[in-house]
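**Q** What follows is a single structure, and I will ask about it in a moment.
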Amino acid sequence: MSSQVQLNTRQFNSRLKLIIDSWTNAGKNDEYGAIADADALLLIAGDPAGEEEPTRKGTAFQTWLLGYEFPSTFMLFEKGRLVILCSASKARILTQIKNGNPPVPVEILAQAKAKDPPTDALPRFTEAYISHSRVGTLIKETHTGKLVDEWNKVVSAAATKPELVDMGPSISSFTAPKDEDELKAIRTAANLTSTLLAHHVAVKLETILDREAKISHEAFSSQIEGRLGYGEGDNVKGPDMRVWQRGKGLNDVDWSSTEFCYPPIIQSQSTSTGYDLRSTAESSPDDISHKGVFLVALGMRYKGYCANLGRSFIVDPSKEQEAIYNLLVSLQSELLSFIKEGVTGRDVYQHALSFVKEKKPELEKHFVKNVGHGTGLEFRDSAYLLSPKNSRKLKSGMVFNLALGFQDLEEGGKKYALHLVDTIVVNAEKATALTYGVKSVKDTMFFLNQDAEDEVSKPARKAPTTKSGANGHTSPVKNKTAGGKVLRTKTRSAAQEESLQTTAHKISEHQRELHQKLQSEGLARFSEGGGGLAGKEGKTWKRFTSYKGEAALPREVENMRIFVDRKAQTIILPVYSFAVPFHINAIKNVSKNDEGEFTFLRINFQTPGQLAGKKEDTPFEDPDATFIRSLTYRSTDGHRFDAIMKQITDLKKEVNKREQQKKEMADVVEQDILVEVKGRRPIKLPEVFIRPALDGKRLPGEVEIHQNGLRYQSPMGSQKIDILFSNVKHLFFQPCDHELIVIVHIHLKAPIMIGKKKAHDVQFFREASDVQFDETGNRKRKYRYGDEDEIELEQQERKRRQMLNREFKAFAEKIAEASTQSTGDTLEVDIPFRELSFEGVPIRQNVRLQPTTECLVFLSDPPFLVVTLADIEIASLERVQFGLKQFDMVLIFKDFTKTPLHINSIPSAQLDDVKMWLDSVDIPLAEGPVNLNWGPIMKTINDNPYDFFQQGGWTFLGGTAVEESDADDGSGSESEFEAEDEVEESSESENDESGYSDGSDASEDEGSGSDFDDESDGEDWDELEKKAAKADKKRIETGRGHDSDDSDRPKKKAAPKANGKSKGRA
């Protein structure tokens, strides 16, 4: 132990000198008046205090002096020496300070071990103690332990005992001013506390209020504590770096030295004990209210030093509540300017009270009785209370918990309280706040009622318009009839036409707002200098090392022949009698040809400037250096060159395959360990199949809900799959109405490995139609002559489906509830709206796509499709022309590096439905008569997103989709992005869906759709222009001009460019 613990002797010496000097001159300083007449100071430490108990003053003093807590250790300070009584093992550690040249001699009295004969350590320490007439100690503290019992027994038996005085206030004076090392630890604690508040607590509280999640104050407090990690042994989970990495100055944090000062305090209107502004308050087991005032208090300790903050959040605040909170913010700012070296605690409180009297005198009786206390190793140092009775002066370097608040306030017949708490440090001229964030009105006030009023005037995002008819191809508007007065004066068709025009006008107005908002957000999102892949990192130069030195070269190099080293992935070539190794990644390809009796082997290298297709933009360390493009070898042994060429080619393929697999698995996460439910059986859903399917025979298994995730177990427990709640992005329940299966579907934030494949989606289902029909006849048929059997089976089938729906829906809701309790992120069950569904081809096959509250999904068969609506930047409707029976929809994501998703061959009869749905979920849309080549478009945008938005952004698509446009004009013709030449020809055929089902359009987030990724881009603009020029020349030669009716090419006209980067003609 002694070899592991290193004491800071320099720090010990300086602090011991401070104690001796302050004690010696105590008569001149009132702060040390209590120990002025004391002959010695006794510091007792018994057994360690429990984890739930606050840090004692004696423990804080010992830690301040020695750097560590030493239980069962007595220290007797005399003006000429320091006597320490401890165990033998502690004595070996404390020898460091004895030999560290202390300001006064240090005498260590070591007690014997349990099996050894006793020493005279305790009698000698007692003798030194009772030799004094007046001793300072911490009278209010009580201790337990074997050494303490022995001490009490020896002292009680002593003939004379010294008079005891309380040295607590003097110890506070020793430890209150902080040196630079102490302030560094407190600043780290303050950064930790502020980061937790801003990036977790405030965000989660807003989510709870927004979704009206059911969670108790106690559970929310436990989830906040979990950000520092939880669990034991193999199930331990470390700090949540998704939260901590957002803070400043937290790169080198020692997480083992980080802890909470107290369990986070969450209070709301529903707290049964009422609002309590004390730091000893507790989070109650009552469910959090979704209205009124919310009080949050957080305290964190780093390397023993504390930082604390408190905030008030108000839902739908009244003008009076806003005014009171603004008064708190102004008061804090005023006190930070007032607090400085030399002022007393009484001055600070009186100044605060005067400020309140001046601004709002009626609040004086509600003001707190003190405005804070000193803090450090001890969370609450009562000797430095900022109260009306404390006359102690504040010094530079002291740290305080400045706690302002009003209690027993009343609003609408209900009592509430407000507080604003921060950790501050005193300086020579003013105080500085160490904790920060979530303080302004816009951060702490939630105006939910205002949002509700806004939702009345425009379509709600979470309540898509539903259709009220059986016809799946009509718009929701077409099924709504006009009012009675209109029907009396107009025909039905006229009324419907007017309704359509009114709806189209509303969509047009709403879309105009959405496009303006999209443009302003785009300019704000990308700074003027920000370009290139929308903030993502581009390709970087990689260094490949074949061998670390000549000694690592294989023996075969001695023959001076070409050698392929598969282990090192290197080709060793003889060059001017030297064996030169080339890594396989430096080689582009190899070729061989025969000329007469000689065989030539040519090895081509990767060099800049080559048009190498996808690797055209491969970076180099120095592109301006001199490169060797190829090496050629000649030999009469053609068979050897054949073998070498095959070896190099095979190695190249192997390396490329490995790189591709590594790239595919880059986003796969390794989940934490599932914490199983203990003390009861987990909630189960039996007899379900899983997709993707497991290896082996297809048999149903069961799904279990555990503490932090789900577990699917195959029959006999041979295989299992764990899914943690922290990795769940969306949870869907799809009933078996109009379907053959009932589904609980989970879409993951990051893919996991199932077998040898990665999966973005995991689905549990059960077949709904497995009732067998008896065609041979039975006893019932003997007495029945109609369709009674078929009717009975239909009724049984209907009941069975209803039972399946209820069972799976209840299980999905239990998953959502367990996930919310585990992570704090509210997870809701999303159910597809079948009445809003439409057909399309997202991934090579025609499927029925169904909107949900937050997504657009196809879940019935793999490959699945899950598109999060919040990730969509804009929707482009293409091939919208009169006479065409189908159109396409392209969804462009906010992450411009993702490939746009193409949903092709949507029936034109559903165009109005799609527009209505997109508009109702606040997705900007545009429409045009032709398909656009999105590969070059997105490359141009990614090159400089700011420039793209500066020059109009998405206006090149032709504006909102409801504006009237003729196919001959071409809404996209005014753009720099021209249509593909072949689009008209391919659109002639309604049934040829393959022309619009390129899997390359599926984004990475769309589940298994990524399995069909095709990286082929469209033809280059220069090639398209050459084709167009040839076609024009051919028409002229055959006597057909541009105006000929037989021309299949879309007509182009000159127009200003939308983004000055197009290579095509204007």
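**Q** Return the residues of the range 875-890 that are in a loop (DSSP other than H, G, I, E, B) and closer than 17 Å to residue 511 by Cα; say none if nothing qualifies.
**A** Initially, the range 875-890 is screened for residues in a loop (DSSP other than H, G, I, E, B), giving 879-885.
None; the set is empty.
**Q** Of everything in the range 215-241, what is at pLDDT below 85 and among the basic types (Lys, Arg)? Give them in sequence order.
**A** 237
**Q** Can you give me the ranges of the helices (runs of 4 or more DSSP H) entirely in the range 1-98 with at least 3 residues that are farther than 30 Å from residue 282 by Cα?
**A** Numbers: elements: 9-24, 57-66, 88-98.
The helices (runs of 4 or more DSSP H) meeting that bar are 9-24, 88-98.
**Q** Next question. Can you name every residue in the range 73-95 that is within 26 Å of residue 182 (Cβ to Cβ) and surrounded by 16 or more Cβ atoms within 10 Å (Cβ to Cβ)?
**A** Across the range 73-95, the qualifying residues are 73, 74, 75, 76, 77, 82, 84, 86, 90, 93, 94.
**Q** Looking at (1) polar (S, T, N, Q); (2) farther than 21 Å from residue 179 by Cα; (3) touching a Gly at 6+ places or on another chain (Cβ under 6 Å), which is the one condition that is false for residue 8?
**A** The number of the failed condition is (2).
**Q** Let me ask something additional. Please go through the range 30-64 and pick out each residue that is more than 20 Å from residue 375 (Cα to Cα), of a type outside the set (A, V, I, L, M) and surrounded by 18 or more Cβ atoms within 10 Å (Cβ to Cβ).
**A** 46
**Q** Condition first: surrounded by fewer than 18 Cβ atoms within 10 Å (Cβ to Cβ), without any contact (Cβ under 8 Å) to a residue 24 or more places away in the chain and more than 22 Å from the chain's Cα centre (by Cα). Can you find one or more residues in the range 287-299 that meet it?
**A** Step one: list which residues in the range 287-299 are surrounded by fewer than 18 Cβ atoms within 10 Å (Cβ to Cβ), which gives 287, 289, 291.
Imposing the further condition that a residue be without any contact (Cβ under 8 Å) to a residue 24 or more places away in the chain reduces the set to 289.
Those still in the list that are more than 22 Å from the chain's Cα centre (by Cα) too: 289.
Looking for residues that are surrounded by fewer than 18 Cβ atoms within 10 Å (Cβ to Cβ), without any contact (Cβ under 8 Å) to a residue 24 or more places away in the chain and more than 22 Å from the chain's Cα centre (by Cα), one finds at least one in the range 287-299, hence yes.
**Q** When both residues are 6+ apart or on different chains and their Cβ atoms are under 7 Å apart, which pairs have a first residue that lies in the range 632-654 and is over 11 Å from residue 592 (Cα atoms) and at pLDDT below 90, and a second that is acidic (Asp, Glu) and not in a helix (DSSP H, G or I)?
**A** Correct list of pairs: 636/597.
**Q** For the range 240-262, which residues satisfy the criterion of being within 21 Å of residue 207 (Cβ to Cβ) and either basic (Lys, Arg) or touching a helix residue (DSSP H, G or I) at 6+ places or on another chain (Cβ under 8 Å) (or both)? Spell out how you get there, then give the answer.
**A** Within the range 240-262, the first condition is being within 21 Å of residue 207 (Cβ to Cβ), and the residues that meet it are 240-247.
Those that are within 21 Å of residue 207 (Cβ to Cβ) and either basic (Lys, Arg) or touching a helix residue (DSSP H, G or I) at 6+ places or on another chain (Cβ under 8 Å) (or both): 240, 242, 243, 244, 246, 247.
**Q** Here's a follow-up. For the range 98-154, how many residues meet the condition of being among the hydroxyl-bearing types (Ser, Thr, Tyr) and without any contact (Cβ under 8 Å) to a residue 40 or more places away in the chain?
**A** 4
**Q** Another question about this same structure. Please note which strands (runs of 3 or more DSSP E) are completely contained in the range 346-434 and include at least 2 residues that are touching a residue at least 60 places away in the same chain (Cβ under 8 Å).
**A** Those strands (runs of 3 or more DSSP E) span 381-385, 399-411, 414-426, 431-433.
**Q** Select from the range 529-555 the residues that are open to solvent by less than 60 Å² (accessible area, probe 1.4 Å) and of a type in the set (A, V, I, L, M, F, W, C) and write down the one among them that is modelled with the highest pLDDT.
**A** Applying the filter and picking the extreme gives 553.
**Q** Does at least one position in the range 126-135 carry a residue that is in a loop (DSSP other than H, G, I, E, B), of a type outside the set (A, V, I, L, M) and more than 22 Å from residue 170 (Cβ to Cβ)?
**A** no
**Q** Right, next: Taking the range 306-322, which residues are open to solvent by 20 Å² or more (accessible area, probe 1.4 Å) and under 29 Å from the mean Cα position of the chain (by Cα)?
**A** Across the range 306-322, the qualifying residue is only 316.
**Q** Kindly provide the set of residues from the range 323-339 that are surrounded by fewer than 16 Cβ atoms within 10 Å (Cβ to Cβ) and either closer than 28 Å to residue 391 by Cβ or touching a Pro at 6+ places or on another chain (Cβ under 9 Å) (or both), ordered by number.
**A** 330, 333, 334, 337, 338
**Q** Please find, among 226, 247, the residue that is assigned to a loop (DSSP other than H, G, I, E, B) and among the small types (Gly, Ala, Ser). Don't jump to the end; show me each part of the working.
**A** Details: 226 fails: assigned to a loop (DSSP other than H, G, I, E, B).
Matching residue, one of 226, 247: 247.
**Q** So for the range 638-659 (the condition being of a type outside the set (Asp, Glu), exposed (fewer than 12 other Cβ atoms within 10 Å of the Cβ) and within 30 Å of residue 746 (Cα to Cα)), does at least one residue qualify?
**A** Yes, the range 638-659 has at least one match.
**Q** Which of (1) over 21 Å from residue 423 (Cα atoms); (2) touching a strand residue (DSSP E or B) at 6+ places or on another chain (Cβ under 8 Å); (3) not polar (S, T, N, Q) does residue 242 not meet, given it meets every other one?
**A** (2)
**Q** Just to be sure I understand the filter: pairs with C-beta atoms under 6 Å, separated by 6 or more residues or on different chains, first member in the range 200-217 and in contact (Cβ under 8 Å) with a residue 12 or more places away in the chain, second member in a helix (DSSP H, G or I) and of a type in the set (Ser, Thr, Tyr). Which pairs pass?
**A** Filtered contacts from the range 200-217: 213/820.
**Q** I'd like the full set of residues that are surrounded by fewer than 17 Cβ atoms within 10 Å (Cβ to Cβ) and of a type in the set (Lys, Arg), limited to the range 798-808.
**A** 798, 799, 800, 806
**Q** Looking at the range 207-242 only, could you name the residues that are of a type in the set (Asp, Glu) and within 15 Å of the chain's Cα centre (by Cα)?
**A** If the condition is that a residue be of a type in the set (Asp, Glu) and within 15 Å of the chain's Cα centre (by Cα), then 240 is the only one that fits.
**Q** Among the residues of the range 841-857, write down those that are open to solvent by less than 20 Å² (accessible area, probe 1.4 Å) and either touching a Pro at 6+ places or on another chain (Cβ under 7 Å) or not in a loop (DSSP other than H, G, I, E, B) (or both).
**A** 841, 843, 847, 849, 850, 851, 852, 855, 856, 857
**Q** Give me the pairs, please: first residue somewhere in the range 512-538 and under 18 Å from residue 872 (Cβ atoms) and in a helix (DSSP H, G or I), second residue anywhere and at pLDDT 50 or above and of a type in the set (Phe, Trp, Tyr), beta-carbon distance under 6 Å, and either six or more positions apart or on two chains.
**A** 522/949; 534/896
This table checks each residue for (1) modelled with pLDDT under 50; (2) open to solvent by 50 Å² or more (accessible area, probe 1.4 Å); (3) within 39 Å of the chain's Cα centre (by Cα); (4) of a type in the set (Gly, Ala, Ser).
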{"position": "487", "(1), (2), (3), (4)": "yes, yes, no, no"}
{"position": "490", "(1), (2), (3), (4)": "yes, yes, no, no"}
{"position": "493", "(1), (2), (3), (4)": "no, yes, no, yes"}
{"position": "527", "(1), (2), (3), (4)": "no, yes, yes, yes"}
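**Q** Before we move on, is residue 206 in a helix (DSSP H, G or I) and either open to solvent by 20 Å² or more (accessible area, probe 1.4 Å) or closer than 30 Å to residue 814 by Cα (or both)?
**A** Values: in a helix (DSSP H, G or I): yes; either open to solvent by 20 Å² or more (accessible area, probe 1.4 Å) or closer than 30 Å to residue 814 by Cα (or both): yes.
Yes.
The values are calculated or read from the model by the stated rules, or taken from the named source; none is laboratory data. This structure is a prediction, so every number in the text was calculated from the model and none was measured. Cβ sites come from the backbone with ideal geometry, for glycine too, and all protein chains shown count toward neighbours. Please note that ligands, DNA and RNA were not included when accessible areas were found on the heavy atoms of the full protein model with its side chains. Shrake-Rupley method; radii C 1.70, N 1.55, O 1.52, S 1.80 Å.
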